[in-house]
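Asks: Let me give you the structure first, and then I'll get to my questions.
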Amino acid sequence: MKAEIRFVGGESVPLLESMKSWLVMEDELRGRVSVCSTIGKGDLGTGIDLLSVVVGSGGAATVLISSISAWLQQPRKSDVVVKVTTSDGKSIEIDAKRVTTLEAQELLRNAFEADQREGT
């Protein structure tokens, strides 16, 4: 299972770098997180568009859910809206100012469980 993580609006590069640093602190996610770009050759842009995280069902997926939720609750100077797309193409957007850690975990868990059901 793969998850793509993007940030909606604002300056996404520092947020992506911060999220990547946060995720790779988890043993279960180390080596599973990569920075990707959807910008083609000759296109304008920063070159960093999203994080791709490859996890199996179970342990690593659970750690990813908890880690994203905890990262969202960290104090920031700007509004943060994260968009997570699962390997089946379904996306959810989570506004860090409008959800608790538990609500974020539930939203992410539902998205990953739906992806696993469709992947079997």
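Asks: Which residue, Gly9, Ala61, Thr100, has the largest displacement toward the positive end of the dipole of region 2-119 when charges sit on each Cβ (Lys, Arg +1; Asp, Glu -1)?
Replies: Gly9
Asks: What length, rounded to one decimal in nm, is gained on full extension from Ser91 through to Thr62, with 0.36 nm per residue of separation minus their alpha-carbon distance?
Replies: Numbers: separation 29, 0.36 × 29 = 10.44 nm, distance 1.76 nm.
Stretched fully, the Ser91-Thr62 segment lengthens by 8.7 nm.
Asks: For the chain, compute the number of Lys pairs whose alpha carbons are separated by less than 22 Å, excluding pairs fewer than 8 positions apart on the same chain.
Replies: Final tally of qualifying lysine pairs is 9.
Asks: Right, something else. Quick one: 3J(HN,Hα) in Hz for region 93-108, Karplus 6.51/-1.76/1.60 with θ = phi - 60°, rounded, Gly and Pro as x.
Replies: Ordered by residue, 3J(HN,Hα) equals 10, 10, 8, 4, 7, 10, 10, 8, 4, 5, 5, 4, 4, 5, 4, 5 Hz.
Asks: Still on this structure, please answer the following. Rg to Rh ratio, the chain, alpha-carbon atoms and Kirkwood radius?
Replies: 0.95
Asks: Val13 to Thr101: FRET efficiency via 1/(1 + (r/R0)^6), r the Cβ-Cβ distance, R0 25 Å, to the nearest 0.05?
Replies: In this case the efficiency is close to 0.50.
Asks: Now a separate question. Suppose every Lys and Arg Cβ carries +1 and every Asp and Glu Cβ carries -1, with no other charges. What dipole size does the chain come out with about its Cα centre, to the nearest 20 debye?
Replies: With only Lys, Arg, Asp and Glu charged at Cβ, the dipole is about 160 debye.
Asks: Place a point 7 Å from the Cα of Asn110 along the Cα-to-Cβ direction; which residues of region 74-91 have their backbone N under 18 Å from it?
Replies: Hits in region 74-91 for Asn110 at 18 Å: 82-91.
Asks: Nearest 500 deg cm²/dmol is fine: what mean residue ellipticity at 222 nm does the chain get from its DSSP H runs of n ≥ 4 alone, each adding -39,500 (n - 2.57), divided by its residue count?
Replies: -12500 deg cm²/dmol
Read the figures in this text as sums done on the coordinates, not as results from a lab. Note that the coordinates shown come from a computational prediction; the quantities given were computed from them, not determined experimentally. Note: ideal-geometry Cβ built from the backbone for every residue, glycine included; neighbour counts use all protein chains shown.
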